[in-house]
Amino acid sequence: MNLKENIKQLGHSDHAVIRMIYRILKLIWFGLRLCTDGKMRSETFSGVFSRNVHQRVTFTATNRYPLVFQKCAEYLKERNIPGPKILSFGCSTGEEVFTLGKYLPQATIIGTDINSWCIRRCRKVNQNANFSFLTGIQKPSNIRGILMPSFVWLFFSEPKTGPEKITG
């Protein structure tokens, strides 16, 4: 049994004093994490101070949807859109934006998120002048959208008469 499991066992002790010590240790650990872990602090306080936040978790991953990113790149190439402007909603800590930049190196990509901690982190690690990160955005004109499961992209170019669908 490791130390973490031993400490968890204290919470199930028959002795009230030991259970109280466990609760105090747990509270101290939570306080330390809250002070030192920006992601945890952001997720915790977004739920405390903003009850209308629907998704407080900031999970994301690099190249989460490789087939979708590849199809998007092919779609834009087939339509001869060499430097699209892409709006990535809910970009979290930017992995989707950075991955899209690898598939579409000429793209201008704007990542948005309601979580200001995530946007600060994106700006801190961003090294590409074609990427920008915002906590809010005004609706630009001439929008054509690409809607995909779990996320939304918009890219800007000349408007067309109807929605298009990526198939493949």
Cβ-Cβ under 7 Å pairs, at least 6 apart or on other chains, the range 93-121 side within 18 Å of residue 71 (Cα to Cα), far side of a type in the set (Ser, Thr, Tyr) and part of a strand (DSSP E or B): 96/88; 97/88; 100/88; 109/88
Qualifying residues in the range 129-154 (those that are modelled with pLDDT of 90 or more and surrounded by 13 or more Cβ atoms within 10 Å (Cβ to Cβ)) - the one nearest to residue 61 (Cα to Cα): 131
Residue that is modelled with the lowest pLDDT [pool: residues in the range 9-33 that are of a type in the set (Gly, Ala, Ser) and assigned to a helix (DSSP H, G or I)]: 31
Could you tell me which numbered condition residue 59 fails, if it satisfies all but one of (1) surrounded by 12 or more Cβ atoms within 10 Å (Cβ to Cβ); (2) at pLDDT below 85; (3) in a loop (DSSP other than H, G, I, E, B)? (1)
Select from the range 8-43 the residues that are surrounded by 13 or more Cβ atoms within 10 Å (Cβ to Cβ) and of a type in the set (Ser, Thr, Tyr) and write down the one among them that is farthest from residue 92 (Cα to Cα). 13
Which of the residues that make up the range 85-138 are small (Gly, Ala, Ser) and either assigned to a helix (DSSP H, G or I) or in contact with a strand residue (DSSP E or B) (Cβ under 8 Å, 6 or more places away or on another chain) (or both)? 88, 90, 94, 101, 107, 111, 116, 132, 136
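The values are calculated or read from the model by the stated rules, or taken from the named source; none is laboratory data. Since this is a predicted model, take the numbers as computed values, not measurements. Methodologically, a virtual Cβ is constructed for each residue, glycine included, from the backbone with ideal geometry; neighbour enumeration extends over all protein chains shown.
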